[in-house]
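Please read the structure below before turning to the comments.
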Amino acid sequence: MTVIIVFFVLHWYSSAFAQSFFLHRYTSHRMFTMNKFWERFFYLFTFIAQGSSFLHPKSYALLHLQHHTHSDTEEDPHSPHFFQDVLQMMLNTKRIYEEYRLGKRKGPNKFADAIPTWDLVDRIGNSMITRLGFVAIYVAIYVIYAPSIWWFLLLPIHAIIGPLHGAFINWCGHKYGYQNFDNKDHSKNTFAIDLFFVGECFQNNHHKYPRRANFAVKWFEYDIIYPIIKLLHWTRVIRLLDPKPAAA
């Protein structure tokens with residue numbers, strides 16, 4: 001049982017970190033810079049962490065930028081205010097994501113060509129054989145270490161962990177919580193569950209300051225990833241564009 005718990009927690013938080021740090025804060029918003037070596041390192045880390053639900057970084061970034069440009073309007077790919085439930089929102093998000101990935105939809109801004117890509121990892125990560133291979137690894141770990149069949153109910157979470165994180169953040173972050181700013185949308189800070197989503201639930205703050213590396217604003221808010229970002233800046237792995245952002 002201990003092995004399963006450790007594996008689940010590691011997979012959950014490594015995937016959440018990859019999505020927040022690399023896909024969101026770096027690929028989508030360029031809150032910091034890094035050299036090619038570290039870019040490739042975190043690209044590969046994201047592929048391994050997300051596994052069977054690997055999200056193509058450029059497609060993710062374009063989808064996310066569309067979300068910011070059209071937040072909580074009909075052009076928003078995942079506003080909870082236009083769907084009956086989370087599943088319908090996820091299906092619409094997947095449809096638009098695939099259009100970006102297949103080149104059927106162009107990017108929403110002039111910086112689309114600057115978004116990092118790595119063709120080899122993209123091809124491998126988006127291969128159905130690769131996705132099924134990761135699922136087989138997850139199943140094997142549960143077959144060996146799960147103390148009872150009930151633990152196998154966690155397997156679907158492992159299989160779709162990347163999109164699942166995004167769905168929780170966008171549904172809760174635009175539906176429940178409080179607002180520090182009037183952003184002319186429904187973005188909220190869902191502080192109660194942010195421990196599980198490493199800073200991503202401060203959606204209201206983020207929509208006010210989309211390129212601010214620290215998503216927390218008020219004294220009682222805490223962005224779990226920001227101290228890691230500062231550490232990586234101090235060790236010169238990354239370079240924050242604004243190393244000491246003023247509190248809003």
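A short reminder: the numbers here are calculations on the coordinates, not readings from a lab. These numbers were taken from a predicted model, which means no experiment stands behind them. As a convention, Cβ positions derive from the backbone with ideal geometry for all residues, glycine included, and neighbour counts pool all protein chains shown.
Using the rule -39500 (n - 2.57) for each DSSP H run of four or more residues, divided by the residues of the chain, the 222 nm mean residue ellipticity is -14500 deg cm²/dmol.
Applying a DSSP loop filter and a limit of 15 other Cβ atoms within 10 Å to the chymotrypsin sites (Phe, Trp or Tyr not before Pro) in region 102-210 leaves F111, Y176, F181. Trypsin sites (Lys or Arg not before Pro) within region 120-208: which are DSSP loop residues with at most 10 other Cβ atoms inside 10 Å? For trypsin sites (Lys or Arg not before Pro) across region 120-208 that sit outside H, G, I, E and B with at most 10 neighbouring Cβ atoms in 10 Å, the list reads K184. Listed by chain and number, the lysines placed with their C-alpha closer than 17 angstrom to that of K58 are K36, K94, K104, K106, K110; residues fewer than eight positions away on the same chain are left out. Listing T69, T130, T93, T46 from fewest to most neighbouring C-beta atoms within 10 Å gives T69, T130, T93, T46.
Under 24 Å of direct C-alpha separation, and excluding same-chain neighbours fewer than eight residues apart, K218 reaches these lysines: K175, K184, K188, K208, K230, K244. Against the chain, whose longest principal axis is taken from its Cα atoms, helix 128-145 shows a tilt of about 60°.
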